[in-house]
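The values are calculated or read from the model by the stated rules, or taken from the named source; none is laboratory data. Values in this document were obtained by computation on a predicted structure and should not be read as measured data. The protein model used for the area step is the full one, side chains on, heavy atoms only, and it has no ligands, DNA or RNA in it. Shrake-Rupley method; radii C 1.70, N 1.55, O 1.52, S 1.80 Å.
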Amino acid sequence: MKHSIIKSLKIVTMVTVTSTLAMASSATAATLKVTIESLAPENGTLLTPVWVGFHNGLFDIYDRGEAASPGLERIAEDGNAAVLSEEFFASGAGSVDGVIPGPNGPVASGDIAQATFTVDSTSRYFSYASMILPSNDAFIANGNPLAIEIFDEQGNFTGADFTVLGSQVLDAGTEVNDEQETTTAFFGQTIPDTGTPENGVVTLHPGFIPGGRILSSETFAQGDFTVDGYQIARIKVEKVPESSTTGGLLAIGGLLWLGSRWRQSLKRLA
């Protein structure tokens, strides 16, 4: 009887520890921190709250030379990411997205905006989009959905850390770049979707009008993002230490302690 109890306790210990280790190793969720840091100069461009999404590589925000989607149009003209988010979920490519605002809404010069997300490692890729302020329909985003890999094929976190340059600013082709006060976001426009339709395609942005309303404004005197070396933002995706990992280790430690107590009890039975 005594030997039967000993054998049973050993089996229970082994099975329980093995199960706990399996649960720890099979966990694929990770807590990720996304940081948006504005690198634009003072009196330069701003960003609307930045939309970010984690997906399997099949969510394509835009293609150059093609018309913008309704979601891209809304974020490029008005900074509204709601429709883009709807397109993201409808695509079935991912299930985690969000909008990261600056301390006062827009992400302005010197601002650092952050948010955390719980992401499964099957969502291997990261995408972002934001409107350039002020503008009619200037924006930044990654056109290649596979460009920013944050998990490798084995599910290992690789992260991301990159800088968006002024030379990468795009024109949605949805609104004429007239820079009028009533049609230019953050410059005087009070009602969304009020610009003159352009019916064009996504292209590189040519820059603000030389001597136009934007660059002539003292507030945006340093807003010429076509200048060599102009930096828009730095974007980082980092992994946050997971409490679940610690919990798993504590659970394993507790099982080992329990096994020790069992062995001590069995010695007294001997």
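Here are some notes:
- Share of carbon and sulfur in the accessible heavy-atom surface of segment 62-196 [1.4 Å probe, %]: 49
- Global geometry of segment 156-234, whether rounded, prolate or oblate, following the gyration tensor of its Cα atoms and the 1.5 cut on a/c: prolate
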